[in-house]
Ligand code: MLT
């Protein structure tokens, strides 16, 4: 008697390195991770740009091990019935820690001070003398009592808000999409800006935590800068395209913006004195990579095994 063997192994392809702990999720169940597959059942991706890829007929899901999905052609996927996941909150703590690190380091002119110290040369007590003579140029400001404006009170924004309050900052938040309960339960004592212009007008520091969409693209521009406190410090750990870099260069030149701290280096402002460019390290921690990989893999596993779509 012959036995009918049904091959229902689901093939998973990964684009970019996905943390091992994420791949282990596929050890249980009928899965094969095959990065050479031309027609996988699901793809797990980090930052690989998928916009020019053609998708095979088996493809049922793409899971982005990260928050932003701008490297995935979401509309095309929807039309083809392919589910797109991201991993909301999985890297929020990593980004929050980076935002607060940069906020404090920037206020104390730490980036410039450390770079300057490396240029010093001398023997014996020459270096300490140069330090004493030159350190005045790096006198900083404390963040205590200053106002931090947070645009976007999702997973990252809410964490930043809570910790900024613990650092004795005044926090004002703006988020047109979040329910009052969610945002304001998460972020005790956050003052709610009724308009983004109110946040612009009151903030000494502004940090932005919104996705890149047609509405948010270029939201930091000549007009918005003109509504901000002169010398405001802006932190961008969301997406470079939120900022009109040409307008930013002018604002930095004129001092309208005192400092631009960005996780998305761009040649227009890269070399400017008051730009701090970071090579997209906001979510770059071992813990965050693991969290994102595990969440993405579980989403895919769930969908392929049970048909459940759970974006968490
Ligand atoms: C995100 O979208 O989650 C962050 O920008 C980090 C990343 O791109 O991996």
Practice task
Working only within region 52-83, note down all residues that are surrounded by fewer than 20 Cβ atoms within 10 Å (Cβ to Cβ) and under 20 Å from the mean Cα position of the chain (by Cα).
Solution key: 68, 69, 70, 71, 74
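A quick yes/no check of all residues on (1) part of a strand (DSSP E or B); (2) within 16 Å of the ligand (Cβ to nearest atom); (3) not assigned by TED's automatic domain parsing to the domain that holds residue 15:
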| position | (1), (2), (3) |
| --- | --- |
| 55 | no, no, no |
| 68 | no, yes, no |
| 114 | no, no, yes |
| 145 | no, no, yes |
Handout entry: Residue within region 288-311 that is farther than 23 Å from residue 103 by Cα, within 16 Å of the ligand (Cβ to nearest atom) and modelled with pLDDT under 95 present
Key = yes
Handout entry: Complete set of residues in region 32-51 that are buried (at least 21 other Cβ atoms within 10 Å of the Cβ), assigned to a loop (DSSP other than H, G, I, E, B) and under 22 Å from the mean Cα position of the chain (by Cα)
Key = none
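Residue-by-condition table, conditions (1) in contact with a helix residue (DSSP H, G or I) (Cβ under 8 Å, 6 or more places away or on another chain); (2) surrounded by fewer than 23 Cβ atoms within 10 Å (Cβ to Cβ); (3) in contact (Cβ under 8 Å) with a residue 60 or more places away in the chain; (4) within 25 Å of residue 145 (Cβ to Cβ):
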residue: 195; (1), (2), (3), (4): no, yes, no, yes
residue: 202; (1), (2), (3), (4): no, yes, no, yes
residue: 207; (1), (2), (3), (4): yes, no, yes, yes
residue: 212; (1), (2), (3), (4): yes, yes, yes, no
residue: 217; (1), (2), (3), (4): yes, yes, no, no
residue: 222; (1), (2), (3), (4): yes, yes, no, no
residue: 231; (1), (2), (3), (4): no, yes, no, yes
residue: 237; (1), (2), (3), (4): yes, no, yes, yes
residue: 246; (1), (2), (3), (4): no, yes, no, no
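The values are calculated or read from the model by the stated rules, or taken from the named source; none is laboratory data. Just so it is clear, the structure is predicted and the values come from calculations on it, not from any experiment. Counting neighbours? That spans all protein chains shown, and the Cβs are built from the backbone with ideal geometry, glycine included.
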